[in-house]
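Structure, as structure tokens:
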Amino acid sequence: MRASWVALLLMAPGLAGAESQPLWELGAGASVLAFPAYRGSEQTELYVLPAPYLVYRGEHVRVDRGVLRGLLFDTNRAEFDLSLNAAAPVSSDDVDAREGMPDLAAVFEVGPSLNVRLSEDREGPTWTLLLPLRAVIGIDERELRYVGWLFNPKLNFYWRQFAGAWNLGFSVGPLFADRHYHNYYYGVDDRYATPTRPVYEGKAGYSGATALATLTRRFGQWWVGGFIRYDNLEGARFERSPLVETKHYLMGGVALTWVFATSSEKVGKAD
């Protein structure tokens, strides 16, 4: 999975906190992201992108940290949410390893996520097991196309009010994908093979592991956040693909947003 267009949304503030908060908040800003063209590429891309800010604290449906929460069920120990993600397109003309190959389309990921709370104190540090399963759909100028499936179980740690008013997050876990997904990013057909880029067919299975750390804070109407992510592709089913140039890399980004609108309606402490 390439770095996400909405990666900065994963750093949005948690919904718990003050006794009374606005039902919704809306803001906008900018983010600066540095990440590889795709997982395994040695070429780094720098993007300046919009950074939307959206929080909704409804009784049954909530928007928080890049997911729609509580859509299907929500108990004291578990919730079933809709998980979303997206990734930028990649021009093969800009990536040496993919020279002469088709471009990689922008993709949209959507699917359910079962989240199991491992700790009960929602005011302090919390531990959660996240089990998102997402379908990956490619989007280009002509059509939508099925890219594959991703499963990304991970252990998530989140500490509100860390070192004062900061919010600290950390998650780690493996990725798994089907044959279609691995072949889309790492397969090489006969017609694109060269002496230095042999034919390769992707297979389903382990897709490497990731570790993500985030730090965010709210200053009045301003919200600031940063993240850093490490990817390890050792042992991945596609590690022998000629399109894999490196098995270890870092990516990161920062964002600043202005919260310009909040509801007059207040709600009590949310979960």
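The values are calculated or read from the model by the stated rules, or taken from the named source; none is laboratory data. The model shown is predicted, which means the values in this text are computed figures rather than measured ones. Cβ: placed from backbone, ideal geometry, glycine included. Neighbour counts: every protein chain shown.
Observations on the model:
- Checklist (1) of a type outside the set (A, V, I, L, M, F, W, C); (2) surrounded by 21 or more Cβ atoms within 10 Å (Cβ to Cβ); (3) out of contact with any Leu (no Cβ under 6 Å at 6 or more places or on another chain); (4) at pLDDT below 85 applied to R57, failing item: (3)
- L104 being among the aliphatic types (A, V, I, L, M) and at pLDDT below 90: no
- Looking only at residues in the range 223-243 that are over 22 Å from K154 (Cβ atoms) and touching a helix residue (DSSP H, G or I) at 6+ places or on another chain (Cβ under 8 Å), the one that is surrounded by the fewest Cβ atoms within 10 Å (Cβ to Cβ) is P242.
- Tally of residues being assigned to a strand (DSSP E or B) and in contact with a helix residue (DSSP H, G or I) (Cβ under 8 Å, 6 or more places away or on another chain) across the range 17-44: 2
One line per residue, one yes/no per condition, for (1) over 15 Å from M101 (Cβ atoms); (2) touching a residue at least 12 places away in the same chain (Cβ under 8 Å); (3) surrounded by fewer than 21 Cβ atoms within 10 Å (Cβ to Cβ); (4) in contact with a Leu (Cβ under 8 Å, 6 or more places away or on another chain):
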site	(1), (2), (3), (4)
P153	yes, yes, yes, yes
R179	yes, yes, yes, no
T196	no, yes, yes, no
G208	yes, yes, no, yes
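- Residue that is modelled with the highest pLDDT, among those in the range 78-101 that are closer than 30 Å to D190 by Cα and either in a strand (DSSP E or B) or in contact with a Cys (Cβ under 8 Å, 6 or more places away or on another chain) (or both): V90
- Taken over the range 190-207, the residue count meeting the criterion of being outside any helix (DSSP H, G or I), among the charged types (D, E, K, R) and modelled with pLDDT of 95 or more is 2.
- Taken over the range 18-39, the criterion of being out of contact with any Leu (no Cβ under 6 Å at 6 or more places or on another chain) and within 28 Å of H248 (Cα to Cα) is satisfied by A30, V32, L33, F35, P36, A37, Y38, R39.
- Restricting attention to the range 102-139, the residues being without any contact (Cβ under 8 Å) to a residue 60 or more places away in the chain and over 22 Å from Y185 (Cα atoms) number 18.
- Answer residue from the range 232-265, given it is hydrophobic (A, V, I, L, M, F, W, C) and part of a loop (DSSP other than H, G, I, E, B) and is nearest to the chain's Cα centre (by Cα) among those: L233
- So R65, is it of a type in the set (D, E, K, R), touching an Asp or Glu at 6+ places or on another chain (Cβ under 6 Å) and modelled with pLDDT under 80: no
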